[in-house]
1. Just how much of TRP223 is accessible, in Å², when a 1.4 Å probe is used and the result is rounded to the nearest 10?
2. By the gyration tensor of its Cα atoms, with a ≥ b ≥ c the square roots of the eigenvalues, what is the shape of segment 1-114: rounded for a/c under 1.5, prolate for a/b over b/c, or oblate?
3. Would segment 131-177 count as rounded, prolate or oblate if I go by the C-alpha gyration tensor, calling it rounded below 1.5 in a/c and otherwise prolate when a/b exceeds b/c, oblate otherwise?
4. Can you tell me which of 194-206, 21-33 comes out highest on packing, and rank the rest after it, using the mean Cβ neighbours within 10 Å?
5. Considering the chain as a Gaussian network with a 10 Å cut-off on Cα pairs, which listed residue, PRO104, PRO18, PRO123, attains the greatest mean-square fluctuation?
6. What cysteines in the chain have no other cysteine with a beta carbon less than 4.7 Å from their beta carbon?
7. Name the residue, out of GLN188, GLN211, GLN237, whose mean-square fluctuation peaks in a Gaussian network model built on the chain with Cα pairs under 10 Å.
8. At 222 nm, what helix-only mean residue ellipticity would the chain give, in deg cm²/dmol to the nearest 500, using -39500 (n - 2.57) for each DSSP H run of four or more?
Amino acid sequence: MVNVTFFGVRGSTPCPSPANARYGGNTACIVVDRPGGGRDAEHGSQPIIFDIGTGLRAYGETVAADVDFRGSAFVTHLHWDHVQGLPFFLPTLRSGGMLDIYGPRAEPGTSLSESFAGFMRPPYFPVTIADLKGDISFHDFASGTVSVGDATITAAPVPHVGVTNGYRLDWAGASVAYVSDHQQPDGQSFEVDQGVLDLCRDVDLLIHDAQYTADEYAAKCDWGHCTVDYAVHVANQCGARRLALFHHDPMHDDGWLDCLLGAARRLAAPDLEVVSAYEGLTISLS
């Protein structure tokens, strides 16, 4: 059994408000763990995290203070909404906490570690990586596979604005693909990048960018995202068993997201289950 829990589901910027109370207003952060299998006597908790947006702070509050945290985070890219939770993550504000962060270089010649050091420093932010009491390690990871315990994580480039990874996790017989930000082809083409299809092929759960309606996309077709319709198309094409709509636009309140979910379900293949991600949702895969 593998549990996938959503702690942040928004794109672009945090947007907490009464109108967003059911879906939540934190930015991208998903935690994958195995019930009873994420702890051991030596290392404590060992989850796998996808993106470390503001939802990471909420996740940190669920980690017991007496546990020596050990986890691995896979960052898709370095836009603010995907990284700004790190200095507020309680387990790495305490000594004994360990976090390995994997992700692509934002530009040639600049490592992931150097990029984080560049934006987590005065005058942009008062706390540096070195000020955090936990042990944080950075790993440049643009493509290929890496093992975390008995889980395998595969990275592949995804069309977006700037260098961006998508990820696939295979663990305990379950598979999850995470494509948080995906540039839809302009015009009438619904062609899907072959690398994305290969990454997502036959997964149990596809977590996919679903930021825009068709009208919104027409006005923002070069902003690096896609429509809800395109997310369903990708899921249908790759043979995913379940689709979680993700990276919700900050302008979409609870009622609007309910409407988009209904529209997405009408487009889904008969054997595709569609859900809309919200904070606190846990999807269990066996």
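1. Here the accessible area works out near 140 Å².
2. Here segment 1-114 falls in the oblate category.
3. oblate
4. 21-33, 194-206
5. PRO123
6. Cysteines of the chain left without a disulfide-compatible partner: CYS15, CYS29, CYS221, CYS226, CYS259.
7. Taking springs between Cα atoms under 10 Å, the residue moving most is GLN188.
8. Computed ellipticity for the chain at 222 nm equals -5000 deg cm²/dmol.
The values are calculated or read from the model by the stated rules, or taken from the named source; none is laboratory data. The structure presented is a predicted model; accordingly, all values stated were derived computationally and were not measured. Because the Cβ atoms are built from the backbone with ideal geometry, glycine has one as well, and the counts that use them run over all protein chains shown. Note: areas computed on protein heavy atoms with side chains; ligands, DNA, RNA excluded. Shrake-Rupley method; radii C 1.70, N 1.55, O 1.52, S 1.80 Å.
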